[in-house]
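For reference, the structure is listed below as structure tokens.
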Amino acid sequence: MIFGFDENELKILLIRSDLEIFKGQWSLLGDFAADNEELDGAAYRVLCERTGMTDVYLEQVRTFSKPGRHPGGRVLTVAYCSLLNIEQHKLGKMDNELHWHTVKGIREMAFDHKEIMEFSYTWLQKRIMEHPLGFNLLPEKFSLRELQNLYEAILDIKLDRRNFRKKFFSMDFLIDTGEYEDDVPHRPGRLYQFNFEKYELNKRRWTGIDF
């Protein structure tokens, strides 16, 4: 599952199913692992073959093993997940029918892929509360408005502006650049950077986010 952040929306990359039983439906990117492949290697191979992208980090989520979940017989699916900025990761292959879909707009999928996606989405929401994954999706310099929009899109909730800012300032991992936004239709906000070096030295201080 490749989740992507774009235009203040959380999206997922899907491919059109080529099975007649699921004609016209969308599915997650996948394939069978070869006899000589480890699962991590198979996941990155599928990613590259389907999308052409090679600079995407994948993390294993869970194995799905319900009997009867695949028309081809007994099939176990090991789900991997990634979260990226769509603008910074362009598709390297265009011959596969791939499309970005807003997560909230998906109603039906092939196989049990909607169930897998929903489980992984919940997993992703928990991960972003426990680790500062979201900062990799933002520009090098970002406003607190952009940061809040990101968390609201992924968590699918409306956050209190004052409490949100107080929480992040209390962590002391934001660097005030002294610069302001330009060419925006609202009052320009200050621009900040995330201090990744300081975070690495003080990981234990990151106790997670509780809005």
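Relative to the longest principal axis of the C-alpha atoms of the chain, give the angle of the C-alpha long axis of helix 39-51, reported between 0 and 90° and rounded to the nearest 10°.
In the chain, helix 39-51 runs at an angle near 90 degrees to the longest axis.
Multiplying the sequence separation of Thr122 and Ser65 by 0.36 nm and subtracting their Cα-Cα distance, what value in nm do you get?
18.7 nm
In a shell of Cβ-Cβ distance under 15 Å around Leu19, excluding Leu19 itself, what net charge do Lys and Arg (+1) and Asp and Glu (-1) give?
Around Leu19, the surrounding residues sum to -3.
Over the stretch 133-205, what relative contact order in percent results from Cα pairs under 8 Å that are six or more residues apart?
Worked out over the stretch 133-205, it gives 33 percent.
Using modelled backbone amide H atoms (1.01 Å from N, in-plane), which distant-in-sequence or interchain residues come within less than 5 Å of Leu10's amide H?
Val103
Report the relative contact order of the chain, percent, no decimals, based on alpha-carbon pairs under 8 angstrom and at least 6 residues apart.
Relative contact order here is 21 percent.
Provide the FRET efficiency to the nearest 0.05 for the Asp183-Arg161 pair, computing r from the beta carbons and using R0 = 30 Å.
0.85
Using only Cα atoms, what Kirkwood radius does the chain have, in angstroms?
After inverting the mean inverse Cα-Cα distance, the result is 19.0 Å.
Report the one residue of Gly30, Phe168, Gly52 whose Cα lies farthest in the direction of the positive end of the charge dipole of the chain (charges on C-beta: Lys and Arg +1, Asp and Glu -1; origin at the Cα centre).
Phe168
For the stretch 112-211, what is the charge dipole size about the Cα centre, in debye to the nearest 20, if Lys and Arg each add +1 at the Cβ and Asp and Glu each add -1 at the Cβ?
Once rounded to the nearest 20, the dipole reads 480 debye.
If one takes the longest principal axis of the Cα atoms in the chain, at what angle in degrees, from 0 to 90 and to the nearest 10, does the Cα axis of helix 161-171 lie?
90 degrees
With runs of 4+ DSSP H residues as the only contributors, calculate the mean residue ellipticity of the chain at 222 nm using -39,500 (n - 2.57) per run, divided by the residue total and rounded to the nearest 500.
-9000 deg cm²/dmol, from helical runs alone.
How far is helix 144-155 tilted, in degrees, relative to the longest principal axis of the Cα atoms in the chain, given as a value from 0 to 90 rounded to the nearest 10?
30 degrees
Once phi is turned into ³J(HN,Hα) by the Karplus curve 6.51 cos²θ - 1.76 cosθ + 1.60 with θ = phi - 60°, what whole-Hz value does each residue of the stretch 11-25 show in order, with x for glycine and proline?
Values, residue by residue: 10, 9, 8, 10, 10, 6, 5, 9, 8, 4, 5, 10, 3, x, 9 Hz.
Read-outs throughout are calculated quantities, based only on the coordinates presented, and are distinct from any laboratory measurement. Since this is a predicted model, take the numbers as computed values, not measurements. Ideal geometry is used to build each Cβ from the backbone, glycine not excepted, and the neighbour counts take in all protein chains shown.
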